[in-house]
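> Quick one: structure below, then a few questions.
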Amino acid sequence: MTAPTAHQDAETPASSPRPRVHRSPLGRGFRTLWSAAVFSNLADGIGRTAVPLIAITLSSDPLVISALTALAFLPWLVFGLPAGMIVDRMDRRHVMALANVIRGTVALWLAILGASGSLSLWALFVATLVFGLGETLFDNATNAVIPGVVERDQLDRANGWIQAAQVTVDSFIATPISGVLFAVSLALPLWIGSAGYLVPVVLALFLPLSAARSLRTVPDPAGSTEPATPRAGTREALAYLWHHRYLRTMVVFTAFTGCALAFAQAVIILFFVDAMAVPAAAIGFVTAGLGVGALCGSLLAPRLVARWGRGPVMFWAIFSGGVAMLLTGIAPSVWTAIIAFALAACAVSIWNVPWGSLRQQIIPPEIFGRVLGVTRALTWGLFPIATILGGLVARIDLRLPFLIGGAATAIVALFGVRLLIVGTRQAGAEIA
């Protein structure tokens, strides 16, 4: 069965089921990329869980904990644009390797401080900033590599598998392991995490040449072709985003909904430890339960998109995610809170797959890194502010951020229904 043409896709009602197509293998290059993401997320997840657990032993102030969470997003505001330029100009395999070398070095530094008994909140703040810097490089490069190792009609499935790997490792492996290691010794998860970054460094270097940079070629007067060289600055990416009405509006939409969700989750660890009386050593198993929802969303998203299209799936995902976050705030017990938050995590995971795929489909590959850097600087760069505000509100009641953030997300989703369903189709951002 042949894929529908652009005209046929535009004429297909958004609510109509789409025919099934044969699924070809994603290929060896993608398997290598997926493996690198798995090991990188394993090391990252161990550290991501250990740092707030260590912070709780140094301070129980919700504002301090939320500030630590906010710092993880700050590099996207400060370094998002330079990271995009680096990804477009350099070999993306080397960028991925460098990002993990940076994060591994910082984890080792924290482990040494922890073992010597000199670990402080300021050290955690600095390390979180550097971890975030490494994440901007690795995440940007990974997203830019995907279109180079899979076909266009495989983007949603590839993004689903990458996100599923991240969720599975973070929630079911890294987080529980980190909680247990933390119970044994404060520095132990940091030692393990620093060693874990070595494997993805090697795997990144074994990615195929197509992962190195943009596949676009330009002819020369002699008739041969060579890879296009990206411009030195970000002006081209900024101009592209500004003149692309759909992407520009989507950036505003995702900035608002993302900030609302960041506001809601500002003190998620403290919420379960204090409000729900979960022991610190068991927090990894609680978040593993939350990961069930995120994993289900990652695996379901490609099938939902293939059947209903990206626009309708994105609308229902963000709307239901807001409702589920609201329900988390009014949950009467730890089990109902886990279920509600798991539903929210499922919805966010479903959203992430088509949102990532449509950008990979419509943004020119030679400026993809810079455009992604711009969009995340304008969206994720605002998360620290939202997180700090969530921490301030949590001083009143740990449940209040969930109520406000969840309600705001659901309401904005209703206002954006036409943008998501009609706008996505008209912009040529629906499934290929």
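The values are calculated or read from the model by the stated rules, or taken from the named source; none is laboratory data. No experiment lies behind these values; they were computed from the predicted model shown. Methodologically, a virtual Cβ is constructed for each residue, glycine included, from the backbone with ideal geometry; neighbour enumeration extends over all protein chains shown. Note: accessible area is taken over every heavy atom of the protein model, side chains too, but ligands, DNA and RNA are not part of it. Shrake-Rupley method; radii C 1.70, N 1.55, O 1.52, S 1.80 Å.
> With respect to I330, determine if the residue is out of contact with any His (no Cβ under 9 Å at 6 or more places or on another chain) and not basic (K, R). Spell out how you get there, then give the answer.
Details: out of contact with any His (no Cβ under 9 Å at 6 or more places or on another chain): yes; not basic (K, R): yes.
It is true that I330 is out of contact with any His (no Cβ under 9 Å at 6 or more places or on another chain) and not basic (K, R).
> Hey, I162 hits all of (1) assigned to a helix (DSSP H, G or I); (2) modelled with pLDDT under 85 but one; which does it fall short on?
Only one criterion is unmet by I162, namely (2).
> I'd like the full set of residues that are more than 21 Å from V305 (Cβ to Cβ) and open to solvent by less than 10 Å² (accessible area, probe 1.4 Å), limited to region 389-432.
If the condition is that a residue be more than 21 Å from V305 (Cβ to Cβ) and open to solvent by less than 10 Å² (accessible area, probe 1.4 Å), then G390, G391, A394, P401, F402, G405, G406 are the ones that fit.
> Does G356 qualify as being under 27 Å from A164 (Cβ atoms) and surrounded by fewer than 24 Cβ atoms within 10 Å (Cβ to Cβ)?
Numbers: under 27 Å from A164 (Cβ atoms): yes; surrounded by fewer than 24 Cβ atoms within 10 Å (Cβ to Cβ): yes.
Yes: the conditions hold for G356.
> What number of residues within region 321-343 are over 15 Å from I268 (Cβ atoms), open to solvent by less than 50 Å² (accessible area, probe 1.4 Å) and assigned to a helix (DSSP H, G or I)?
Going through region 321-343 one residue at a time, the tally reaches 1.
> Of all residues in region 225-259, which are among the hydroxyl-bearing types (S, T, Y), within 22 Å of R89 (Cβ to Cβ) and either out of contact with any helix residue (DSSP H, G or I) (no Cβ under 6 Å at 6 or more places or on another chain) or at pLDDT 85 or above (or both)? Can you show your working first?
Kept after step one, since they are among the hydroxyl-bearing types (S, T, Y), are these residues of region 225-259: 225, 229, 234, 240, 246, 249, 254, 257.
Pick out the ones that are also within 22 Å of R89 (Cβ to Cβ) and you get 225, 229, 234, 240.
Selection gives T225, T229, Y240.
> Please go through (1) part of a helix (DSSP H, G or I); (2) over 19 Å from the mean Cα position of the chain (by Cα) for F138 and return the number of the only condition it doesn't satisfy.
Answer for F138: the failing condition is (2).
> Here are the criteria: (1) closer than 23 Å to R152 by Cα; (2) open to solvent by 20 Å² or more (accessible area, probe 1.4 Å); (3) at pLDDT 75 or above. Tell me which single one T217 does not satisfy.
The one condition T217 does not meet is (3).
> Okay, moving on. Kindly indicate whether R303 is without any contact (Cβ under 8 Å) to a residue 24 or more places away in the chain and open to solvent by 30 Å² or more (accessible area, probe 1.4 Å). Explain how you work it out, then say what you get.
On the way: without any contact (Cβ under 8 Å) to a residue 24 or more places away in the chain: yes; open to solvent by 30 Å² or more (accessible area, probe 1.4 Å): yes.
When the stated conditions are applied, R303 passes them.
> What number goes with the only condition from (1) more than 23 Å from G381 (Cα to Cα); (2) open to solvent by less than 10 Å² (accessible area, probe 1.4 Å); (3) not polar (S, T, N, Q) that V87 does not pass?
So the condition that V87 fails would be (1).
> Of all residues being over 18 Å from S185 (Cβ atoms) and over 25 Å from the mean Cα position of the chain (by Cα) in region 112-129, which is most open to solvent (accessible area, probe 1.4 Å)? Just the residue, please. First the steps, then the outcome.
Taking region 112-129 first, the residues over 18 Å from S185 (Cβ atoms) are 121-122, 125-126, 128-129.
Keeping just the survivors that are over 25 Å from the mean Cα position of the chain (by Cα) gives 121-122.
Details: L121: 40, W122: 187 Å².
Among them, the one singled out is W122.
For (1) surrounded by 24 or more Cβ atoms within 10 Å (Cβ to Cβ); (2) out of contact with any helix residue (DSSP H, G or I) (no Cβ under 6 Å at 6 or more places or on another chain), each residue gets a yes or a no:
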site: D91; (1), (2): no, yes
site: G104; (1), (2): no, no
site: A107; (1), (2): yes, no
site: A144; (1), (2): yes, no
site: N159; (1), (2): yes, no
site: T168; (1), (2): no, no
site: A174; (1), (2): yes, no
site: G179; (1), (2): yes, no
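> Right, another one. If you take the residues in region 2-58 that are at pLDDT 75 or above and of a type in the set (S, T, N, Q), which one is nearest to A127 (Cα to Cα)? Even if it seems obvious, please write down each step before you answer.
Applying the first criterion (at pLDDT 75 or above) to region 2-58 yields 26-58.
Filter once more, so that each one left must be of a type in the set (S, T, N, Q): 32, 35, 40-41, 49, 57.
Working: T32: 28, S35: 25, S40: 17, N41: 17, T49: 14, T57: 17 Å.
Taking the candidates together, the pick is T49.
> Still on this model: Restrict the check to region 285-300 and report whether at least one residue is under 23 Å from the mean Cα position of the chain (by Cα), under 30 Å from L42 (Cβ atoms), at pLDDT 90 or above and open to solvent by less than 20 Å² (accessible area, probe 1.4 Å).
Step one: filter region 285-300 for residues under 23 Å from the mean Cα position of the chain (by Cα), giving 285-300.
If we keep only those that are under 30 Å from L42 (Cβ atoms) as well, we get 285-300.
In the following step, the residues that additionally are at pLDDT 90 or above were identified as 300.
Filter once more, so that each one left must be open to solvent by less than 20 Å² (accessible area, probe 1.4 Å): none.
No, that holds for no residue.
> Do any residues in region 401-424 that are within 26 Å of L389 (Cβ to Cβ) and part of a helix (DSSP H, G or I) have Cβ atoms under 6 Å from those of residues that are among the aromatic types (F, W, Y) and open to solvent by 30 Å² or more (accessible area, probe 1.4 Å), where the two are at least six apart or on different chains, and which pairs are they?
What qualifies is A410/F319; V412/F256; A413/F319.
> Mind counting the residues in region 306-320 that are over 30 Å from A394 (Cβ atoms) and crowded, with 24+ Cβ neighbours inside 10 Å? Before you say what the answer is, go through the steps one by one.
Taking region 306-320 and keeping what is over 30 Å from A394 (Cβ atoms), we get 306-313.
Then drop every residue that is not crowded, with 24+ Cβ neighbours inside 10 Å, which leaves 309-311, 313.
Residues that pass the stated criteria total 4.
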